[in-house]
Structures are given as C-alpha cells and as structure tokens.
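The values are calculated or read from the model by the stated rules, or taken from the named source; none is laboratory data. Keep in mind it's a predicted model, so treat the numbers as computed, not measured. Ideal geometry is used to build each Cβ from the backbone, glycine not excepted, and the neighbour counts take in all protein chains shown. All accessible areas refer to the heavy atoms of the entire protein, side chains included, with ligands and DNA or RNA removed. Shrake-Rupley method; radii C 1.70, N 1.55, O 1.52, S 1.80 Å.
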Amino acid sequence: MYRYFLAFLFLIFSFSVNNLNAQGFPEAWAGIWKGEMTNHNVKGKQSQFPMELHILPTDSAHVWTWRLVYHPNDRPKDARNYQLVLKDKAAGHYVIDEKNGILLDAYYIDERLISNFSIGNNEIMSVQYLKKKKLITEMVATTVNPLNITGGTSEEVPDVSSYLIDGFFRGELKKSKK
C-alpha cells in the first residue's frame, strides 16, 4: 500500500495548486509553495512529511513548470519535474504532463482544481483550493472495485455502488519567499 501511496502522491501533488482565480489561474500562483502532507485513515493520522510545489512560467504562454518535491521521513528527497499545460481555457481544462507518457486531466471549476484518476486498484479524487493564503490539497483514495452494490430494485431505484475509503490526504502549503 505504501508504494501506491507514494505513486499517487507523485500524481496527485502534480495538482497541488488551485483557486487560481478565474482571471489569474495559474499566473496568480507563480512561486514556490512549501508545507506538510498528512495521511489519515479510520485509525487517525498515519504519517506527515514536508513537501513543495514550484509553479513557474516558461517561455510558452500555455505551459508552466510544475515541480513537485517531497521529503518522506523514511526516504530520500525526491523531485518530479512536470508541466502544467492549458488545453481549453473556456472549458477550464488543464493537463499535468509528467514527461513520461502520463497525462493527467484536471478541471478548474468554481475556484478549485479538480481531478479524478486511478492507479492500479486505487482511485483518487483530488480537489485543491486557496484558503487564507494557503494552498490546500485534499485527496480521497478509494478502491476501484465496489465494496457494495445496492438498490437496483426498479427503474426508480437504480443500482448504487459504494467504495472502500483507503485514506484521506490533506496538504497545507504556504507561498515561500525563496
């Protein structure tokens, strides 16, 4: 599970910016963000470690540097050099290009950057937003296979699937002066 946790953190934290208000996304968020990521499950807080997100303009008007740096307590520092690419401003559609063939779609809706993707048997829903000068990222990890399928007794009562929640992740980042 730890391997999947780190894998989806790489992907998820690719999205660690949001609320970039409609006129200023992502320009208003250029800079280096630093803070802590905390992992919770039903037993409570499981881990916490420092992380960074560097969002910087490039020579292209529609491409931004999207550099994730994380410092897990039991592992060496790791940096991922991704790019944020504008696909369709009117639709709020962006893509995180991980530069390895992985492209993650994200949508800027109501001052939030929202993405949903799966890695192996885990599905991740990620929402990022700005709150009191902090960049907040919240992620819910579930299984891709339903835990329960209920209902389905008629056209008025369709099948409804529910999923095992593996964890809740929350990061709080502050804009760094350096």
Checklist (1) in contact (Cβ under 8 Å) with a residue 60 or more places away in the chain; (2) farther than 17 Å from residue 25 by Cα; (3) of a type in the set (Lys, Arg) applied to residue 134, failing item: (2)
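Against the definition (open to solvent by 70 Å² or more (accessible area, probe 1.4 Å) and among the small types (Gly, Ala, Ser)), how does residue 61 come out, yes or no? Before the answer, list the steps.
Working: open to solvent by 70 Å² or more (accessible area, probe 1.4 Å): yes; among the small types (Gly, Ala, Ser): yes.
Taking the combined requirement at face value, the residue satisfies it.
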Residue in the stretch 45-61 that is part of a strand (DSSP E or B), modelled with pLDDT under 90 and more than 19 Å from residue 113 (Cα to Cα) present: no
Among (1) open to solvent by less than 60 Å² (accessible area, probe 1.4 Å); (2) more than 12 Å from the chain's Cα centre (by Cα), the one test that residue 127 misses: (2)
Residue among 134, 99, 87 that alone is modelled with pLDDT under 95 and either open to solvent by less than 80 Å² (accessible area, probe 1.4 Å) or of a type outside the set (Phe, Trp, Tyr) (or both): 134
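Within the bounds of the stretch 68-75, is there any residue that is among the charged types (D, E, K, R) and surrounded by 14 or more Cβ atoms within 10 Å (Cβ to Cβ)? If you could, list the steps in order and put the result at the bottom.
Here is the first cut: in the stretch 68-75, the residues among the charged types (D, E, K, R) are 74-75.
Subsequent filtering for residues that are surrounded by 14 or more Cβ atoms within 10 Å (Cβ to Cβ) retains none.
No, because not a single residue in the stretch 68-75 is among the charged types (D, E, K, R) and surrounded by 14 or more Cβ atoms within 10 Å (Cβ to Cβ).
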Scope the stretch 137-146; condition assigned to a strand (DSSP E or B) and either among the β-branched types (Val, Ile, Thr) or at pLDDT 95 or above (or both); matching residues: 137, 140, 141, 142, 143
Among residues of the stretch 152-178, those that are closer than 26 Å to residue 118 by Cβ, open to solvent by 50 Å² or more (accessible area, probe 1.4 Å) and either basic (Lys, Arg) or not in a strand (DSSP E or B) (or both), counted: 4
Residue 74, sole failed condition from (1) on the phi > 0 side of the Ramachandran plot; (2) modelled with pLDDT under 95: (1)
Cross-chain or 6+ apart pairs with Cβ under 7 Å, the stretch 151-178 first and farther than 17 Å from residue 33 by Cα, then in a loop (DSSP other than H, G, I, E, B) and open to solvent by 90 Å² or more (accessible area, probe 1.4 Å): 162/147; 163/147; 164/147
Some residue of the stretch 109-116 being among the acidic types (Asp, Glu) and modelled with pLDDT of 90 or more: no
Hey, residue 149 open to solvent by 20 Å² or more (accessible area, probe 1.4 Å) and assigned to a strand (DSSP E or B) or not: yes
